[in-house]
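Worksheet: one structure, shown below.
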Amino acid sequence: MLRDTNAAGDVVAASELAWLEIWRTLRRASVDDLESAAVAALRGIAEIPLTTDILVRARRIGPAVLRSPDAIHLTSAVAIGATTVVTYDDLMARAATDLGFEVIGAAQG
């Protein structure tokens with residue numbers, strides 16, 4: 001799905017927070033070559049810097065029950081003018097939909 005998006009000329013981007021999340025996930029999985037695995041997992045994804053402005057704006061985005069990392073990801077998407085969000089989390093998907101994003105990945109119901 002993301003390869004097709006990239007191949008179509010669309011930019012695939014994620015908050016800098018995703019780099020931390022990927023690294024931590026790979027460490028928990030005891031991946032042997034952590035550096036290579038992280039580089040492969042994040043290849044082709046533009047990194048949206050985690051700025052003070054994004055952190056401040058993330059305090060108020062979405063519903064009160066939205067988790068902090070998801071608020072940061074959504075605020076990052078808003079900051080770059082994204083139109084689509086990929087998530088498998090239903091709460092984040094609902095918040096993204098409410099913000100006007102197309103959502104790919106979640107089984108919204």
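The values are calculated or read from the model by the stated rules, or taken from the named source; none is laboratory data. All figures in this text were calculated on a predicted structure; none of them were measured in a lab. So basically every Cβ, Gly included, is an ideal-geometry build from the backbone, and we count neighbours across all protein chains shown.
When we screen 12, 39, 31, 78 for residues that are touching a helix residue (DSSP H, G or I) at 6+ places or on another chain (Cβ under 8 Å) and more than 20 Å from residue 99 (Cα to Cα), the only hit is 31.
Screening residue 81 with (1) at positive phi; (2) under 12 Å from the mean Cα position of the chain (by Cα) gives one miss only, at (2).
Checked against (1) under 21 Å from residue 10 (Cα atoms); (2) surrounded by 11 or more Cβ atoms within 10 Å (Cβ to Cβ), residue 67 passes all but a single condition, namely (1). Under the condition of being within 24 Å of residue 11 (Cβ to Cβ) and surrounded by 14 or more Cβ atoms within 10 Å (Cβ to Cβ), the residues counted in the range 27-43 number 4. Residues in the range 40-64 that are part of a loop (DSSP other than H, G, I, E, B) and among the aliphatic types (A, V, I, L, M) were compared, and the one that is modelled with the lowest pLDDT is 45.
Looking only at residues that are in contact with a Phe, Trp or Tyr (Cβ under 7 Å, 6 or more places away or on another chain) and of a type in the set (Gly, Ala, Ser) in the range 37-81, which one is farthest from residue 25 (Cα to Cα)? Among those that are in contact with a Phe, Trp or Tyr (Cβ under 7 Å, 6 or more places away or on another chain) and of a type in the set (Gly, Ala, Ser), it is 77. The numbered conditions (1) closer than 19 Å to residue 16 by Cβ; (2) touching a strand residue (DSSP E or B) at 6+ places or on another chain (Cβ under 8 Å); (3) surrounded by fewer than 18 Cβ atoms within 10 Å (Cβ to Cβ) are all true for residue 97 except (1).
Could you please find all residues in the range 25-55 being within 15 Å of the chain's Cα centre (by Cα), under 22 Å from residue 67 (Cα atoms) and basic (Lys, Arg)? Matches in the range 25-55: none. Residue under question is residue 4, and the condition is that it be modelled with pLDDT of 95 or more and acidic (Asp, Glu); does it hold? So residue 4 fails the test.
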